[in-house]
Structures are given as C-alpha cells and as structure tokens.
Amino acid sequence: MYRLTLSDGGVVELEESEIDRLAGSLRGDLLRQDSSHYDWARGIWNAMIDRRPGLIVRCAVPTDVRAAIDFARQHGLLVSVRGGGHNIAGNAVCDGGLMIDLAPMRWVRVDSSAATAWVGAGATLGDLDRETLACGQVVPLGINSTTGVAGLTLGGGFGWLSRRFGLTVDNLKSADLVSTGGQFLRASEQENPDLFWALRGGGGNFGVVTAFEFSLQRIWPEVLAGLIVYPLDQARSVLQQYREFAAQAPDSLTVWGVMRKAPPLPFLPENVHGTEVLILALCYSGNPDDGAALIEPLRHLGTPAGEHVGRQLFVNWQAAFDPLLAPGARNYWKSHNLAALPDALIDIVVEYCQRLPSDQTEIFIAQMGGATNSKPVDATAYPHREAEFIVNVHGRWDSASDDDRCIGWCRQLFDALVPHAMGGVYVNFMTADEGYRVGEAYGANHQRLASLKQQYDPDNLLRMNQNIPPSR
C-alpha cells in the first residue's frame with residue numbers, strides 16, 4: 001500500500017497497482033519517495049521550503065498533466081504545481097500529496113516575422129530571452145534569468161522593460177491549460193475570455209497552464225545598463241533626488257534602488273566591500289547612443305563609491321543578478337506597493353539598512369509607472385495600475401539558526417512602512433504565511449476572481465497557491 005495526503009489533510013492508502021497504472025499512462029516520469037531523482041525533483045529555489053510530496057509527476061506533455069489531475073481528483077489528493085520552482089512562497093511543493101512538475105516542458109518557439117513566441121510551462125526567463133533576443137525581439141519579463149516564465153506570468157510579471165512595454169501579462173496573447181475537470185482549454189480574448197482575464201495575474205488558481213503565447217516587442221540588441229553605488233551616508237539625499245529624477249524619466253529608462261551590504265564587486269574599492277550602500281541599478285532600452293546624457297544626472301546625486309555602466313547585450317543584463325539570487329539560500333520577503341517615496345519612508349529604509357540582519361539581505365525599490373499603469377484596474381486580474389514603486393524587503397541568509405532574527409527584521413521593517421503604503425501587494429512577492437493578504441493582492445478584482453474560481457475549480461483542487469477560494 002502507498003500512503004498519500006488528501007486535500008483535507010487526511011491520508012489515503014492506495015494499492016501499488018493504482019500507482020503503476022498512473023505511471024504507465026505517462027509520457028514523462030512518475031517519481032516515488034524512493035526514486036533516485038526524487039530529492040532533486042522536489043528541490044526549489046527557496047531553501048526554507050523542505051517538503052516531501054508523496055508522488056511527483058514529471059510532465060512531458062499536456063496529457064501527462066491531465067492524467068495527474070484526473071488521478072488527484074479521483075482520490076481527493078492534495079495537489080501542488082511546479083513551474084520554474086522559483087516562487088518565494090514555495091507552493092510548488094506539497095507534503096505527502098501529488099506534485100505536478102512542469103519543468104520538463106521547457107521549450108520555446110519563436111516566429112519573428114509574426115512577432116510571436118510560444119513558451120512551455122517549464123521554461124525559464126533565460127530560455128525565452130535567448131530565443132527572442134537572437135531575433136532582436138523580447139517579451140518584458142523579470143530580472144532573474146532562472147525564474148520560471150509560468151509563475152512570473154500568472155502573477156503579472158514586471159522587470160526592466162515593463163515601463164516601456166507593459167507587464168508580462170499585457171503581452172500575453174493566449175494560454176493553453178488543463179482544467180481541474182480534465183479538459184484542454186485555450187484562453188484568449190476570443191476563446192474563454194473570462195478565463196483569459198483571470199490568468200493575467202490571478203496565479204495558478206484556475207487550471208494548470210501548459211503553454212503561453214506572447215507578443216514580441218522590438219528592442220535594440222544592446223542596452224545601456226549597470227550600477228552606480230553610493231555610500232549609505234548619502235542615501236537619504238540620493239533617494240530624494242532619485243525620486244525627482246524618476247518622475248521625469250522616459251518609459252524606456254528604469255532605475256531601481258537597492259540597499260544592502262556591498263558585494264566584492266571589482267569596480268568598488270576594497271574598503272567599500274561589506275559596507276552598507278545604496279545601489280542605483282539602471283537600464284535604458286532605447287538607442288544606447290541617446291542614453292548617456294539621459295543617465296548622467298544619476299552620477300551626480302552625491303559622490304559615488306564606484307560605478308559600472310555601459311552598453312551590453314540585454315540577455316547578459318538579464319542574468320547580471322543571478323549570482324546574488326542563486327538557489328540554496330533561505331529567503332523571506334515582505335512587500336508593499338507605493339504611490340510615492342515620501343521623506344518619512346526614505347528615513348525608515350535608511351535606518352533599517354544600518355542594521356541589516358545578514359550580508360545577503362537587501363531592500364529594493366522597483367520603479368513602476370509608465371506602461372504598467374496604462375490600463376484600467378479591471379483590464380486584467382493584476383490590479384495594481386496606480387503603483388509608482390514597489391518596495392521589497394528581501395531577507396536572505398544561509399543558516400536555519402538565523403531564521404527568527406532575519407524574519408523578525410523583515411516583519412519589523414514591513415510594519416514600519418505600512419503608514420506609507422497603498423495597501424496592495426504583488427502576489428509573486430508574498431510569502432507562505434501571507435494568505436491573509438490575498439484580498440490586498442487583488443483589490444477590486446477579488447470578487448470576480450472568486451466567482452471564476454467557482455466556475456473553473458469549484459472544489460478548490462488547486463489550493464497550493466496564494467489561494468482564491470471559490471465563491472459559494
């Protein structure tokens with residue numbers, strides 16, 4: 001007999017023959033807890049997540065997804081769905097239930113003449129960038145090449161190009177999915193438009209997406225990008241000036257502020273390494289020849305400790321932060337949407353940066369606005385069309401013995417920022433203990449999403465996510 005966890009927390013014992021029949025129906029692999037690749041398959045980016053699924057279905061094709069869903073529904077099993085495995089909350093992995101692993105569906109197909117890309121649900125940002133940028137085109141994505149396209153997209157998706165081209169979901173043309181009833185569906189503006197609306201920001205609540213179709217945007221092969229680093233004692237003044245600069249910046253320029261201890265970057269003096277700094281990370285995606293004069297003021301907001309800015313291939317810039325976001329560390333995030341950067345908020349983040357709980361922890365301020373705010377709140381499930389900035393409290397450390405201290409610091413900073421926040425949150429930045437914030441993640445769109453959840457997943461089979469319970 002084989003024991004598996006039910007969606008209600010109970011346990012069921014199944015005959016080995018039933019497990020064998022599931023395995024025999026798959027093009028991909030079925031991993032049990034004693035399979036040789038089991039521990040590798042259950043591992044994800046955030047090392048704080050250490051769960052052991054009862055079964056892992058490594059899906060090679062959409063029919064594998066349907067077989068897994070049918071099996072889980074038949075037996076009432078707890079289900080989780082893994083795309084790239086990068087989600088901070090770790091909802092990709094369940095304890096004792098059935099994990100649907102889409103990682104083998106890691107493919108990208110580009111038709112440059114039609115400015116369209118088709119992407120499998122296991123693909124990463126790096127996979128998609130390499131294929132599209134070879135054609136001088138791009139989908140606006142995130143900032144870490146190892147992030148999964150599926151999770152990023154289903155939560156909304158923003159990064160260096162979003163101010164110019166919109167969110168990732170604003171460039172989504174269609175999605176193929178397997179419903180919790182086992183049907184193959186396509187969602188687009190023409191087919192199942194309500195479902196298409198929900199998928200553009202509503203997370204993995206409505207079915208298991210197996211493929212995405214994106215519009216491609218034309219981009220220069222090289223961008224003007226890099227880092228300008230200021231000592232922390234200049235951060236207050238620099239952020240005040242940055243606030244004014246950002247208000248006038250064209251949509252083709254994105255500048256983020258990152259507060260952390262300086263890594264041992266070769267362009268920084270050794271005496272700066274390990275000290276608290278404010279890093280302005282910038283990317284200008286227009287003609288690089290036009291960008292030099294545009295970004296020049298950022299060099300004169302104070303006296304920089306060092307800089308590394310120049311022309312580079314955008315595909316390389318997309319991977320520039322990978323070493324700081326590598327898998328294997330423990331991560332805990334807290335996040336707020338912001339309408340502005342008032343002085344009081346700047347004072348708070350500067351104060352907390354003086355007592356960072358680890359060398360890897362950082363506070364980043366992402367510049368939004370531009371095309372991200374060009375659509376109405378109800379145009380997509382992603383509702384945060386008025387946010388000008390997002391502040392993310394990114395706790396990151398290595399040892400479990402530091403959990404309480406680092407998590408406590410993150411929560412204290414989050415609480416201190418509440419009076420200056422808009423009350424919303426980007427769903428992809430929510431941790432596993434923030435289910436109570438789902439209403440904040442969807443705002444005015446939450447009720448419609450709950451109604452669609454009732455239509456497409458009335459039994460809440462897909463509950464291992466930032467869950468939207470079906471309306472009753």
Flag if TRP256 is out of contact with any Pro (no Cβ under 9 Å at 6 or more places or on another chain) and either on the phi > 0 side of the Ramachandran plot or not assigned by TED's automatic domain parsing to the domain that holds LEU278 (or both) = no
Answer with yes or no whether ALA247 is assigned by TED's automatic domain parsing to the domain that holds GLY291 and surrounded by fewer than 18 Cβ atoms within 10 Å (Cβ to Cβ).
-> yes
How about the range 340-385: which of its residues are surrounded by fewer than 20 Cβ atoms within 10 Å (Cβ to Cβ), within 29 Å of LEU154 (Cβ to Cβ) and of a type in the set (Ser, Thr, Tyr)?
-> SER374
Output the number of residues of the range 422-432 satisfying the condition of being surrounded by fewer than 21 Cβ atoms within 10 Å (Cβ to Cβ) and farther than 19 Å from GLY395 by Cα.
-> 2
If you take the residues in the range 250-266 that are within 25 Å of the chain's Cα centre (by Cα) and hydrophobic (A, V, I, L, M, F, W, C), which one is farthest from ASP290 (Cα to Cα)?
-> ALA262
Just a yes or no: is a residue in the range 375-390 farther than 28 Å from GLN447 by Cα and either over 23 Å from the mean Cα position of the chain (by Cα) or modelled with pLDDT of 95 or more (or both)?
-> no
Return only the number of the condition from (1) hydrophobic (A, V, I, L, M, F, W, C); (2) closer than 27 Å to ALA41 by Cβ; (3) in contact (Cβ under 8 Å) with a residue 60 or more places away in the chain that TRP160 does not satisfy.
-> (2)
Restricting attention to the range 322-338, which residues are closer than 28 Å to ASN373 by Cα and among the aliphatic types (A, V, I, L, M)?
-> LEU325, LEU338
Across the range 190-212, what is the total count of residues that are closer than 19 Å to SER451 by Cα and either among the basic types (Lys, Arg) or assigned to a loop (DSSP other than H, G, I, E, B) (or both)?
-> 10
Those residues of the range 452-472 which are over 15 Å from GLY204 (Cα atoms) and either polar (S, T, N, Q) or in a helix (DSSP H, G or I) (or both), in sequence order = SER471
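Residue-by-condition table, conditions (1) farther than 27 Å from THR254 by Cα; (2) in the same structural domain as VAL178 (by TED's automatic domain parsing); (3) surrounded by fewer than 19 Cβ atoms within 10 Å (Cβ to Cβ):
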position: VAL391; (1), (2), (3): no, no, no
position: TRP397; (1), (2), (3): yes, no, no
position: ALA400; (1), (2), (3): yes, no, yes
position: TYR442; (1), (2), (3): no, no, no
position: SER451; (1), (2), (3): yes, no, yes
position: LEU461; (1), (2), (3): yes, no, no
LEU4 versus (1) surrounded by fewer than 16 Cβ atoms within 10 Å (Cβ to Cβ); (2) farther than 30 Å from VAL425 by Cα: which is the lone unmet condition?
-> (1)
Starting from residues that are under 23 Å from MET464 (Cα atoms) and in contact with a Phe, Trp or Tyr (Cβ under 8 Å, 6 or more places away or on another chain), keep the ones in the range 7-23 and report whichever is surrounded by the most Cβ atoms within 10 Å (Cβ to Cβ).
-> LEU22
Looking at the range 279-297, which of its residues are touching a helix residue (DSSP H, G or I) at 6+ places or on another chain (Cβ under 7 Å), surrounded by 17 or more Cβ atoms within 10 Å (Cβ to Cβ) and either touching a residue at least 60 places away in the same chain (Cβ under 8 Å) or more than 25 Å from ASP359 (Cα to Cα) (or both)?
-> CYS283, TYR284, SER285
Considering residues of the range 267-289 that are part of a helix (DSSP H, G or I) and under 31 Å from the mean Cα position of the chain (by Cα) only, the residue modelled with the lowest pLDDT | PRO288
Which one of these is more than 30 Å from ARG437 (Cβ to Cβ) and of a type in the set (A, V, I, L, M): LEU298, LEU356?
-> LEU298
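The values are calculated or read from the model by the stated rules, or taken from the named source; none is laboratory data. Fair warning: this is a prediction, and the values are worked out from it, not measured in the lab. Backbone-built Cβ (ideal geometry, glycine too); neighbour counts: all protein chains shown.
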